[in-house]
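Q: Before I ask anything, here is the structure I am working with.
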Amino acid sequence: MSNFFSKAEVTSSGRPVLLHNEVECHLLSAVDLEPEDHRHFSLLKSGLLILTTHRLIWLPSSSASTPTSASAIPLAAISHIFSSKKSLKSVFHSPRIRFQVLVSSDGRVFDPSSGSGSSSGSGSRSVVVTAVIRGKGDCDGFLVKFWDSWRARAWETTKTSSSGSGSASGSGAATGIGGGLYSSDGSVRMVGVAGILRKEQEMWESTDKSLQDAFQDLNALMSKAKEMVMLAEKMRQKLLSGTSSQTSGTNDEDMGSKEEMQDWLLSVGIISPVTKESAGALYHQQLSRQLADFVRIPLERAGGMINLIDAYCLFNRARGTELISPDDMLQACSLWEKFDVPVMLRKFDSGVMVIQNKSHSDEEVFARIKSLVTKPEALRTGISPTDAAMTLGIAPAMAKEHLLTAESKGLLCRDISPDGFRFYINLFPEIDPCNMYFVKDYGICSTWIKAVSTTGKNAFLNQFISIFTD
C-alpha cells in the first residue's frame, strides 16, 4: 500500500511540531482515518486527531501494537466537507466525519507547501476520507471547528498580507498625485474651518471604529496578543540566525545583550497553548506533553534541574491569557511517568519539588560538591549553600537540597550555627574505630590535618583528636 497521507513531525514528548502561525483548534481521541479506496491506501487506526488552522494531524496511540508515524492532511487539500446526517443507523455506530481530499498524480494527498502535484492537476481526482470517532469526544463541536478552520483559510494569510502590502503602497501613491478641488474618489474637498472640523470628525470616527474592533470581545484581544507572540518568535529566530553567522570579533557586551534579548523573547509566549476548550477530556494529557517540550530550554540553562514554582511562573507567563492553576501544573507533571518524555518530577526529602532531566546524574553533582568541599579553605571553614550554588550554577535553595542529599548519602557532615548551615567533608569513614590514634599519610583525613595545621590551628586539631580519646 502507498503512503497516502503526508508525514508530520513530532517533538520528543509526542506533541506535533506546528507550522508558522499554526494554532490548534480541537482534539479527538481514538479516531480512525479510512480512505474509501482501502486496497491502495493505508488505514490509520485508533489515534489522536488534532485540528489546527492549517492541517488535520493524526498521532498514533502510545499503546499501539504496530509502530505508525504521525500523519497530516493539509486543509488546503480538502475540497469538500460533507454535512453530518442524523439517521436511525447513526445511533448504533460510531460518529463519522466525511470529507473529500485532492490527490496528486503520485497517489498522495495534495500538499501545496511541498509542491506535491498542482491544484489544477489534482482537481481531476479526489478521494473521500472518513474519520471514525471511536472515543468519547464532542464530534459536533469538532465538525463546527473543522468548517470554521477550512473556510478561514489561514494558510493563505501570509501570501495575502505580502501581496496586500504591495497593493497598498500602490494605492497610497495614487492618492498622493495631484491636489485640486476634487479628491481621488471624485468627492469635493472640504477647505477652511469646515474642512478642519470634517477631518477631525473623520479622525474620531476612525479611532472609535478601531477601538470597537480591538475590544469588541475577548477573542479579538487574544488575536492581537497572538500577533505579538508571532512577531516575537520571528525576532527571536532572526537573532538566533544572526548570532550563529557572526564572527568571533563581536565583543562580550553585545553578545550578552543579544542573549538577554533571546531569553526575553523566548519567554514572551507560546503561539498555540493547550486549552480546555481545544483539548477537552485530553486537556491534562496534552498539557503534560506541551509542558515537557517547554521546560527543555529552561532546564538547559539551569543545569538540568529547576524548581517547580519557577517552572510554573515561566510556563504561565509564556501562556499569556491562558493561565493554568497550580493543581493543573502538578497533575500535568505527574503524568510524565506514563509518557516517554525526557523530563521527570522529583521530590526531595524536605518536600521541595523540582523538574529535572532524566539524564541528570546525582553522582556528577556529588563529585563537583566533593571537589569543592575538599579544597584547603573549605576543609577549614566548610561550605555554605551559597558557595555550592556559585559552583553548581544554580539557586541557593536548590544547592541546599543537593547538600542535604549528599549528607544523607554520607558524603558530608552538617554544622548548624546562628550563621546558618555549614557543610564539611565526612572524615569518619576513614577513621579506624579499632585504632583511632593512627592517622594515615594519605586520604582526605590526612589532607584535612595538613590544611588545619598550616594555619596554626593545632588547638582545633587536638580537640578533634580528643573526641576519640574521651
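The values are calculated or read from the model by the stated rules, or taken from the named source; none is laboratory data. Here the structure is a predicted model, which means the values were calculated and not measured. When we count neighbours, we look across all protein chains shown, and the Cβ atoms used for this are built from the backbone with ideal geometry, even at glycine. With ligands, DNA and RNA removed, areas are computed over all heavy atoms of the protein, side chains included. Shrake-Rupley method; radii C 1.70, N 1.55, O 1.52, S 1.80 Å.
Q: With all protein chains present and a 1.4 Å probe, how do Glu24, Glu363, Glu322 order by accessible area, largest first?
A: Glu363, Glu322, Glu24
Q: Another question, if that's okay. I need the semi-axes of the equivalent ellipsoid of the stretch 366-406: take the C-alpha gyration tensor, multiply each eigenvalue by 5, square-root it, list largest first in whole angstrom.
A: Gyration-tensor ellipsoid for the stretch 366-406: 16, 10, 9 Å.
Q: Keeping all protein chains in position, work out how much accessible area Glu430 exposes to a 1.4 Å probe, and write it in Å² to the nearest 10.
A: Accessible area of Glu430: about 60 Å².
Q: If R0 is 51 Å, what FRET efficiency do you get for Lys370 and Asp138 from their C-beta distance, rounded to 0.05?
A: 0.35
Q: Now, a different point. Would you work out if the stretch 320-369 is rounded, prolate or oblate? Take a ≥ b ≥ c from the square roots of the eigenvalues of the alpha-carbon gyration tensor; rounded if a/c is under 1.5, else prolate when a/b is larger than b/c, oblate otherwise.
A: prolate
Q: If Met305, Met203 are ordered by their accessible area, calculated over protein heavy atoms with a 1.4 Å probe, which sequence runs from highest to lowest?
A: Output order, biggest surface exposure first: Met203, Met305.
Q: Related question: May I ask you to rank Lys209, Lys409 by accessible area, largest first, using a 1.4 Å probe over the protein chains only?
A: The most accessible residue leads, giving Lys409, Lys209.
Q: Can you compute the FRET efficiency between Asp362 and His20 using 1/(1 + (r/R0)^6), with r the Cβ-Cβ distance and R0 = 30 Å? Round to the nearest 0.05.
A: E(calc), rounded to 0.05, equals 0.15.
Q: With every protein chain in place, what's the accessible area of Cys434 (1.4 Å probe, Å², nearest 10)?
A: For Cys434, the solvent-accessible surface is approximately 130 Å².
Q: Excluding Leu143 itself, calculate the net charge of residues whose Cβ lies under 13 Å from the Cβ of Leu143, where each Lys or Arg counts +1 and each Asp or Glu counts -1.
A: So the surrounding residues net to +3.
Q: Suppose each label sits 7 Å from its Cα in the direction of the beta carbon; what would the Glu300-Ser325 distance come out to in nanometres?
A: Modelled inter-label distance: 3.4 nm.
Q: Can you give the local net charge around Thr386? Use residues other than it whose beta-carbon is closer than 13 angstrom to its beta-carbon, Lys and Arg +1, Asp and Glu -1.
A: 0
Q: Now for a separate question. If we count every other residue with Cβ under 11 angstrom of Ser46's Cβ, Lys/Arg +1 and Asp/Glu -1, where does the sum land?
A: Once positives and negatives cancel, what remains is +1.
Q: Between Asp349 and Glu407, 0.36 nm times their residue separation minus their Cα-Cα distance comes to what?
A: That works out to 19.7 nm of additional length.
Q: By its C-alpha gyration tensor, with a ≥ b ≥ c as the square roots of the eigenvalues, how is the stretch 299-438 shaped: rounded for a/c under 1.5, else prolate for a/b larger than b/c, else oblate?
A: Prolate shape, in that a/c is at least 1.5 and a/b is the bigger ratio.
Q: Could you give the nm distance between label points at Glu9 and Ala397, where each point is 7 Å from its Cα heading toward the beta carbon?
A: Spacing of the two 7 Å Cα→Cβ label points: 3.6 nm.
Q: Here is a follow-up. If each of Glu205 and Cys313 carries a label point 7 Å out from its Cα toward its Cβ, how far apart are those two points in nm?
A: Distance between the two pseudo-spin positions: 5.0 nm.
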